[in-house]
Amino acid sequence: MEYVERRLVERARQDDREAFAELVEMYKDKIFQLAFRMVGNRQEAEDIAQETFLRVFANLQSYDESYRFSTWIYRIATNLCIDRGRKKKPQFSLDEEQGGELEGLDWYSRLPSNDKTPEEKVVVQELQETVQAALNQLNPKYRSIMVLRYIEDLSLQEISDALQLPVTTIKTRIHRGREALRKKLKL
Amino acid sequence: MEIDCKEARVLTHVFLDKDIDQLSNQRLQQHLVVCEACRNHLVELQTVVAFVESASHVHAPSDFTARVMAQLPAVPKRKTFGNFLRKHPFLTAAAVFFFLMTGNLFTSWFDDNTLQVTSTNMDQLKIDRDRNMVVVPAGTTLTGDLIVKNGSVEVEGEVNGNVVAIDGSVFLASTAQVAGNIESVEEILDWVWYEFKNMGNYLLPSAP
């Protein structure tokens, strides 16, 4: 796996488009997921994910091979997500389109409805929305780390490499992130 | 060795990160047995983790890669030969095969080094295998041309025509009488090929 990836990066650096397309295939879901969990809506997540790969392509020459490729791409994606968040302060209103799996629905749809969908389905969907809503309320610097740790399943060391922060800082933020989510979810 | 709730809360997070040492773990467990609040706290945090981990995995749209590729800057015209070979493995194999086959064919063509004689009076000629030579014996008269390939000619008699030796020499005895031209042709092409072949063998040890 590591070797294949290294070869692909090498070929992509020599402007081999097929190799680059394979790298995109390998990472598109991971990066899209990270962006989706960070910004909470599909369209924006897709924009960020595309931008991530375009930046990867543009900066292939300056990629430092002493880091894993995944670390580097996660760093680019996380920075883009956080920058995007700074520019656009999220505002919540019942009329606003709801971020989440169901594009096109507004927040009214989360109020109890008379839909006859199977009950389990509703429960799962509500759980999903609750997770996303709780993440949305976190400060992005905690949110990114919680997403990288528990959704993307990166180790503390990998997160430390990706964000270029010491492991101790990552730990502190995970502790605070967990505490914050505990309060938001009111378990 | 009792720890208070404040310390226990810190250790709880270390515990959740799975890098707690044995002694701290013992202390934490001792505290949790007696403190319900801290016990609940741990359970709540574990639920939070399970909750976030349960977030369903979303996937990028199916045309995502195509859309990214479409946005890349245009491919520069410079196409390396290496890329071409990689993209057309069949063509590459065919070309190599063709090259080796042609080489083989030419080699066997020119490797034909047997003595060849063309004359209308074959019965009068003497062929000297040891010296790789065709002899026109004294006292005989040949009518028409005498052409010898891959060998020399020694003329002692009379030839009413041309004498040609390809890849060989023509020797005339004092008694010889030749009506036509005497030619000795060193086949230049053959020689060039010979040199070329040597070079090929040097570069490609597997070539014939």
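Bear in mind these aren't lab numbers, they're just calculated from the coordinates by the rules spelled out. Predicted, not measured: the structure shown is a model, and the values here were computed from it. Using ideal geometry, Cβ is built from the backbone for each residue, glycine included, and neighbour counts are taken over all protein chains shown.
Using θ = phi - 60° in the Karplus curve 6.51 cos²θ - 1.76 cosθ + 1.60, the 3J(HN,Hα) couplings for the range A:24-34 round to 4, 4, 5, 10, 4, 5, 4, 6, 4, 5, 4 Hz; x is entered for Gly and Pro. Based on the convex hull around the alpha carbon atoms, the range B:5-53 presents an average projected area of 3.2 nm². Rounded to the nearest 0.05, the FRET efficiency derived from the C-beta distance between B:S24 and B:R86 at R0 = 41 Å is 0.15.
Averaged over the residues of A:178-184, the number of partner chain Cβ atoms lying within 10 Å of the residue Cβ comes to 5.
Between B:V170 and B:V153, the built amide H atoms are under 5 Å apart, and every one of these is 5 or more places off in sequence or on another chain.
Annotation note: GluC sites (Glu not before Pro) in the range A:1-81 located in DSSP loop regions with a Cβ neighbour count of at most 12 within 10 Å are A:E65.
Of the GluC sites (Glu not before Pro) found in the range B:1-66, those that fall in a DSSP loop while having at most 12 other beta-carbon atoms within 10 Å are B:E2. Among the trypsin sites (Lys or Arg not before Pro) in the range B:1-91, those placed in a DSSP loop whose Cβ has at most 15 other Cβ atoms within 10 Å are B:K18, B:K77, B:R78, B:K79. In this simple spin-label model, placing a label point 7 Å from the Cα along the Cα-to-Cβ direction at both A:E65 and B:D128 gives a separation of 7.0 nm. For B:E7 and B:N40, FRET efficiency with R0 = 25 Å and r from the beta-carbon atoms, rounded to 0.05? Once the sixth-power term is evaluated, E becomes 0.90. In this structure the amide hydrogen of B:L142, modeled in the peptide plane, comes within under 5 Å of the amide hydrogens of B:E158, B:V159, B:N160, none closer than 5 places in sequence on its chain. The calculated FRET efficiency for A:K184 paired with B:A70, based on their beta-carbon distance and R0 = 41 Å, is about 0.55. Annotation: amide H of B:S184 within the under-5 Å range of B:A165, sequence separation 5 or more or interchain, hydrogens built in the peptide plane.
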